[in-house]
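Down below is the structure, laid out as structure tokens.
Throughout, read-outs are computed from the coordinates displayed, never taken from laboratory work. The structure displayed is predicted, hence computed values, not measured ones. Glycine gets a Cβ as well: all are built from the backbone with ideal geometry, and neighbour counts include every protein chain shown.
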Amino acid sequence: MVIAGVAVAAGSTTAFADMDRYTSGAHSWRTGGGYQVGLQDTKGDDNSVKAEYNRNGHGSDVYTLWNHSGQGTKVYSNKGGKVWDMRVCTEIDKWPDDCSNWWSDDH
């Protein structure tokens with residue numbers, strides 16, 4: 001029984017490690033089998049949040065997914081090519097945006 005519990009915990013850790021990015025007011029993640037981006041505003045500070053990402057087969061094009069709807073709301077990108085690189089940002093008026101590091105898949 002103990003071994004099975006360890007295996008479940010290890011499997012859960014791996015599943016949640018798939019391209020999650022955070023800032024002080026935003027969370028983004030890869031979803032939809034790796035072909036979609038989810039974005040959540042996590043702080044009631046009136047700042048918009050965005051996820052920037054690129055897709056396999058689309059060169060160096062960077063796409064932006066915005067969420068202007070406020071704390072707790074989630075938005076999702078359309079499905080397309082596999083999402084390879086992603087970061088999340090909180091837009092701060094008259095200051096540099098608060099952005100996470102880029103998360104890059106092994107491609």
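Here are a few things to note about the model shown:
- Excluding same-chain neighbours fewer than eight residues apart, the lysines reachable from K82 by a Cα-Cα span under 29 Å are K43, K50, K74.
- Segment T64..W95, full-extension length gain: 9.2 nm, with 0.36 nm per residue of separation and the alpha-carbon distance subtracted.
- Extension gain, S104 to T73: 0.36 nm times the residue separation minus the Cα-Cα distance gives 8.6 nm.
- Peptide packing: for 27-34, 95-102, 49-56, the average count of neighbouring Cβ atoms within 10 Å per residue gives the ranking 49-56, 27-34, 95-102, highest mean first.
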